[in-house]
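*Asks:* If you scroll down you'll find the structure; I have some questions about it.
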Amino acid sequence: MEVIHKIGRRKTAVARVYVSEGKGDITINKKEFTQYFPTPTLQYKVQQPLSLTENVENFDIKVNVYGGGVTGQAEAIRLAISRALCEVDAENRLTLKPEGLLTRDPRMVERKKFGQKKARKKFQFSKR
């Protein structure tokens, strides 16, 4: 099996994932993934597609991720890993699709409009 390269995005976070056969090592920005994501919630999000398809110890995953916050980065990595697992085996799609792991979350921060304080908030109105 050659190295599979996939991209995942969430808000402003972009994750490039390289999946190859191995013994289950996940490296994010040249760090161990438990060191990069110290909280169990974020670690679960990264490993979710692997645990659902029962491939936790079958692949080595190398990740380059930038932009956004920690949650956005974890979800971007989750999407990229899910896409890579679908390319490895088409059967994985049947497991990941109902869980919503192959759907790109389109929600982004709304831009600030001119003449306003923020995207929706207005300057204070004075009647007199």
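*Asks:* Being under 17 Å from the mean Cα position of the chain (by Cα) and among the aromatic types (Phe, Trp, Tyr) is the filter here, so list the residues in segment 46-105 that pass it.
*Replies:* TYR66
*Asks:* Could you tell me whether ALA15 is surrounded by 19 or more Cβ atoms within 10 Å (Cβ to Cβ) and in contact with a strand residue (DSSP E or B) (Cβ under 8 Å, 6 or more places away or on another chain)?
*Replies:* Against the criterion (surrounded by 19 or more Cβ atoms within 10 Å (Cβ to Cβ) and in contact with a strand residue (DSSP E or B) (Cβ under 8 Å, 6 or more places away or on another chain)), ALA15 qualifies.
*Asks:* Let me ask you something else. What do you reckon, is GLY115 under 19 Å from LYS11 (Cβ atoms) and among the small types (Gly, Ala, Ser)?
*Replies:* It is false that GLY115 is under 19 Å from LYS11 (Cβ atoms) and among the small types (Gly, Ala, Ser).
*Asks:* Name the residue that is modelled with the lowest pLDDT, counting only residues in segment 116-128 that are exposed (fewer than 10 other Cβ atoms within 10 Å of the Cβ) and farther than 28 Å from GLY67 by Cα.
*Replies:* ARG128
*Asks:* Consider segment 42-61. How many of its residues are of a type in the set (A, V, I, L, M) and either part of a helix (DSSP H, G or I) or modelled with pLDDT of 95 or more (or both)?
*Replies:* Within segment 42-61, the subset of a type in the set (A, V, I, L, M) is 42, 46, 50, 52, 56, 61.
Still in the running and either part of a helix (DSSP H, G or I) or modelled with pLDDT of 95 or more (or both): 42, 46, 50, 52.
Residues in segment 42-61 being of a type in the set (A, V, I, L, M) and either part of a helix (DSSP H, G or I) or modelled with pLDDT of 95 or more (or both): 4 in total.
*Asks:* Would segment 35-42 turn up any residue that is surrounded by 19 or more Cβ atoms within 10 Å (Cβ to Cβ) and in contact (Cβ under 8 Å) with a residue 40 or more places away in the chain?
*Replies:* no
*Asks:* To continue, here is another question. State all residues of segment 62-103 that are assigned to a strand (DSSP E or B) and either in contact with a Cys (Cβ under 7 Å, 6 or more places away or on another chain) or crowded, with 23+ Cβ neighbours inside 10 Å (or both); if no residue qualifies, say none.
*Replies:* Scanning segment 62-103 gives a single hit, VAL63.
For (1) at pLDDT below 90; (2) of a type in the set (Ser, Thr, Tyr), each residue gets a yes or a no:
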{"residue": "MET1", "(1), (2)": "yes, no"}
{"residue": "ILE4", "(1), (2)": "no, no"}
{"residue": "ILE7", "(1), (2)": "no, no"}
{"residue": "LYS11", "(1), (2)": "no, no"}
{"residue": "TYR18", "(1), (2)": "no, yes"}
{"residue": "ILE28", "(1), (2)": "no, no"}
{"residue": "GLN35", "(1), (2)": "no, no"}
{"residue": "PRO40", "(1), (2)": "no, no"}
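*Asks:* When segment 88-105 is examined, which residues are found to be closer than 20 Å to GLU21 by Cβ and not basic (Lys, Arg)?
*Replies:* Of everything in segment 88-105, those that are closer than 20 Å to GLU21 by Cβ and not basic (Lys, Arg) turn out to be VAL88, ASP89, ALA90, GLU91, ASN92, THR95, LEU96.
The values are calculated or read from the model by the stated rules, or taken from the named source; none is laboratory data. Just so we're clear, the structure is a prediction, and the values are computed from it rather than from any experiment. Neighbour counts are summed over all protein chains in view; Cβ atoms, including those assigned to glycine, are modelled from backbone coordinates with ideal geometry.
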